[in-house]
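Q: Following this message is one structure expressed as structure tokens.
The values are calculated or read from the model by the stated rules, or taken from the named source; none is laboratory data. This is a predicted model, so every value here is computed, not measured. Don't worry about glycine lacking a Cβ; one is built from the backbone with ideal geometry, like all the others, and counts go over all protein chains shown.
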Amino acid sequence: MTQAIEQAFELAKSRFAEQGVDVDAALKQLDQLPISMHCWQGDDVRGFENPQGALTGGIQATGNYPGRARTAVELRADLEQAMSLIPGPKRLNLHAIYLESDSRVERNEIKPQHFANWVEWAKTNGLGLDFNPSCFSHPLSENGFTLASANKEIREFWIEHCKASRKISAAFGEQLGTPSIMNIWIPDGMKDLPIDRFAPRERLANSLDEIISEKLDPAHHIDAVESKLFGIGAESYTVGSNEFCLGYAASRQTALTLDAGHFHPTEVISDKISTAMLYVPRLLLHVSRPVRWDSDHVVLLDDETQAIAHEIVRQRLFDKVHIGLDFFDASINRIAAWVIGTRNAKKALLRALLEPVDKLKKLELEGDYTARLALLEEQKSLPWQAVWEAYCVRHDVPAGAGWLDSVRHYEQQTLSKR
């Protein structure tokens, strides 16, 4: 730790101690909160099944910044570069289309062996893996329906795909010693107004019931369902709505996924966390930055990101909330996007951990809202940045914007040659 950063850290510790905050305990807790980075930022959600295929299902990666990963080897190298610039524990979130095989494998026939290289890489890098079925960008999803399709053959194909994905997820958890959370999101919906809103949702519930019918060890695998407001091509009706997924997760006791970009522009997921936790055993958060709606911009250290972190910390949801990221920006350096977004998510968690939660709750319970507001506002000016920089140095990563030099060097030596 450089002398200036160490001195600033010691001063910051004393300032936070005046508020009753144990900085060392906060950093210890931060080291227990991994962020699951999403692999699809590195290759614009192409995957390796058919990397030249067009994206469908309301998914778009905009921009043409040079250096997109074209193979799993390139993607893993890019991830390692990004992770080397991010302090603290991390995980990796994979989609099914990131399998590796010498020959084409249909999605309902994917197996753990197709992800063996990812598991070995995760072991080497001390990472946990999370997983997602890929129910988009496929000939059998082009009519806008998958698990809710009225066509039994199409529906059965996607059920088989999700069942196969669960086995892969469970294999991840068993081999890596940390449960894999598997998130089911589907693009099903209609561009214009439907006549029958009920039947597709009934089919989706039945499909999901069949998918999760086999009980898997929760020490290895956790099921989650993800809602959406709407997507491109499904502007008027989304089968897997928030009400559907909340009801399903509560009634079947699966995890519920809340994506920051999947709601109306005036809605925020930070306010939904406390309600959902009354009814579901776990939450998976996809931290993203919507601009108007699901546009998945790089995560900023903005009010909502901070509010999400506050909810996790204030309610002590450390063992019940899984934090993942979900954005894909092809208009800027993709590795820089990972670094910026993940560091910001971790900064938000640190700032939340440096809050005198017990003191604030006591003031609130006593009805002293004046002191509550005063302390909350003064908290914003306390030297959390000095603690962050010390945390970075402890994890041997750049404390400030120096990480950008490393990204630029990698861009010149590696990305520019692709």
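Q: Which number in (1) within 19 Å of Asp24 (Cα to Cα); (2) more than 16 Å from the chain's Cα centre (by Cα) marks the one condition that Ala309 misses?
A: (2)
Q: Also, quick follow-up: Please go through the stretch 1-37 and give me each residue that is among the hydroxyl-bearing types (Ser, Thr, Tyr) and either buried (at least 18 other Cβ atoms within 10 Å of the Cβ) or in contact with a Cys (Cβ under 9 Å, 6 or more places away or on another chain) (or both), ordered by number.
A: Listed by number, the list holds a single entry, Ser36.
Q: Quick one: in the stretch 311-331, which of the residues that are closer than 15 Å to Met277 by Cα and of a type outside the set (A, V, I, L, M, F, W, C) is surrounded by the most Cβ atoms within 10 Å (Cβ to Cβ)?
A: As a first pass, look at the stretch 311-331 and keep what is closer than 15 Å to Met277 by Cα: 311-323.
Remaining after also requiring of a type outside the set (A, V, I, L, M, F, W, C): 311, 314-316, 319-320, 322.
Details: Glu311: 21, Arg314: 16, Gln315: 14, Arg316: 11, Asp319: 8, Lys320: 15, His322: 26.
Ranking the qualifying residues of the stretch 311-331, first place goes to His322.
Q: From Gly240, Gly261, which residue is crowded, with 22+ Cβ neighbours inside 10 Å and either under 23 Å from Cys39 (Cα atoms) or aliphatic (A, V, I, L, M) (or both)?
A: The match here is Gly261.
Q: Another question about this same structure. Would you pick out the residues in the stretch 72-81 that are without any contact (Cβ under 8 Å) to a residue 60 or more places away in the chain and either crowded, with 22+ Cβ neighbours inside 10 Å or of a type in the set (Phe, Trp, Tyr) (or both)?
A: Leu75
Q: Being in a helix (DSSP H, G or I) and either at pLDDT below 95 or farther than 28 Å from Asp130 by Cβ (or both) is the requirement here; does Lys359 meet it?
A: In short, yes.
Q: Considering only the stretch 115-229, give the strands (runs of 3 or more DSSP E) lying wholly within it that have at least 2 residues that are of a type in the set (Asp, Glu) and either surrounded by fewer than 19 Cβ atoms within 10 Å (Cβ to Cβ) or in contact (Cβ under 8 Å) with a residue 12 or more places away in the chain (or both).
A: 221-226
Q: Among the residues of the stretch 82-96, are any in contact (Cβ under 8 Å) with a residue 24 or more places away in the chain, at positive phi, crowded, with 20+ Cβ neighbours inside 10 Å and not hydroxyl-bearing (Ser, Thr, Tyr)?
A: yes
Q: Filter the stretch 56-71 for residues that are within 9 Å of Ala330 (Cβ to Cβ) and of a type in the set (Ser, Thr, Tyr); which is surrounded by the most Cβ atoms within 10 Å (Cβ to Cβ)?
A: Tyr65
Q: Within the stretch 386-418, work out how many residues are free of Cβ contacts under 8 Å to residues at least 60 places away in the same chain and within 17 Å of Lys13 (Cα to Cα).
A: 1
Q: Right, next: Quick check on the stretch 97-112: of everything there that is acidic (Asp, Glu) and either crowded, with 22+ Cβ neighbours inside 10 Å or without any contact (Cβ under 8 Å) to a residue 12 or more places away in the chain (or both), which residue is nearest to Gln412 (Cα to Cα)?
A: So, considering only residues that are acidic (Asp, Glu) and either crowded, with 22+ Cβ neighbours inside 10 Å or without any contact (Cβ under 8 Å) to a residue 12 or more places away in the chain (or both), the one nearest to Gln412 (Cα to Cα) is Asp102.
Q: Also, quick follow-up: Looking only at the stretch 196-210, decide whether some residue is under 22 Å from Gly324 (Cβ atoms) and among the aliphatic types (A, V, I, L, M).
A: Scanning the stretch 196-210 turns up at least one residue that is under 22 Å from Gly324 (Cβ atoms) and among the aliphatic types (A, V, I, L, M).
Q: Moving on. When Thr370 is evaluated against the numbered criteria (1) under 20 Å from Arg15 (Cβ atoms); (2) in a helix (DSSP H, G or I), which criterion, by number, is the only one it fails?
A: (1)
Q: Taking the stretch 286-338 on its own, how many of its residues are among the basic types (Lys, Arg), farther than 19 Å from His38 by Cβ and part of a helix (DSSP H, G or I)?
A: The number of residues fulfilling the criteria is 1.
Q: A follow-up question, please. I'd like to verify a number: residues in the stretch 231-261 that are closer than 18 Å to Ala199 by Cβ and either assigned to a loop (DSSP other than H, G, I, E, B) or in contact (Cβ under 8 Å) with a residue 40 or more places away in the chain (or both), how many?
A: Total satisfying the criteria: 9.
Q: Further, regarding this structure: Do we have any residue at all in the stretch 363-372 that's of a type outside the set (Val, Ile, Thr), touching a residue at least 12 places away in the same chain (Cβ under 8 Å) and touching a Phe, Trp or Tyr at 6+ places or on another chain (Cβ under 9 Å)?
A: Yes; the residues of the stretch 363-372 include at least one that is of a type outside the set (Val, Ile, Thr), touching a residue at least 12 places away in the same chain (Cβ under 8 Å) and touching a Phe, Trp or Tyr at 6+ places or on another chain (Cβ under 9 Å).
Q: What number of residues in the stretch 269-285 are touching a residue at least 24 places away in the same chain (Cβ under 8 Å), assigned to a loop (DSSP other than H, G, I, E, B) and either among the hydroxyl-bearing types (Ser, Thr, Tyr) or surrounded by fewer than 16 Cβ atoms within 10 Å (Cβ to Cβ) (or both)?
A: So the answer is 2.
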